[in-house]
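Asks: I am attaching a structure below and will ask some questions about it afterwards.
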Amino acid sequence: MVQPVQKIALPVAPQFSADDRLEELRVTALRCRAAPRQDLFKACALLSTDPDVAQEAYARALVKSLRLALDRKVTFYRPGTAQMSFDETWVMRAITCAQQGDTDSFAFLIRSRVPHIYQRQIAYLINGVAHKL
């Protein structure tokens, strides 16, 4: 007689609401305002695999690299602002798609705004934010 396969409960990463994630990105954007812009390829190479360091590192690398990738100023409002900028909406939608595994929508969002040369790196950073924060 064949024994039924038992389902194994995998540890679930803590789920953060979209508001929490947006606030974290806004705080990171404020911290990075005066920081020098970072080369996108170096940013991806420097990311840590240590979960405590990675939480802030992915968000910081993403915020600092978006201006280079989009070739224009990126707008993040101050924490606590009720409205969302177009850039914030785009990033949050991409994070949500990455978290939910919606690869088609995620690829569309990346391709719609990011030049081909930076698409892989921005996708990597957004995935890191989606799964680390």
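Throughout, read-outs are computed from the coordinates displayed, never taken from laboratory work. Keep in mind it's a predicted model, so treat the numbers as computed, not measured. No Cβ is skipped: glycine too gets one built from the backbone with ideal geometry, and neighbour counts run over all protein chains shown.
Asks: Working out 0.36 nm times the residue gap between Asp71 and Val27, then minus their Cα-Cα distance, what length gain in nm do you get to one decimal?
Replies: 13.7 nm
Asks: Starting from the Cα-Cα distance between Asp102 and His116, subtract it from 0.36 nm times their residue separation and give me the gain in nm to one decimal.
Replies: 3.0 nm
Asks: Trypsin sites (Lys or Arg not before Pro) within region 60-93: which are DSSP loop residues with at most 12 other Cβ atoms inside 10 Å?
Replies: Arg72, Lys73
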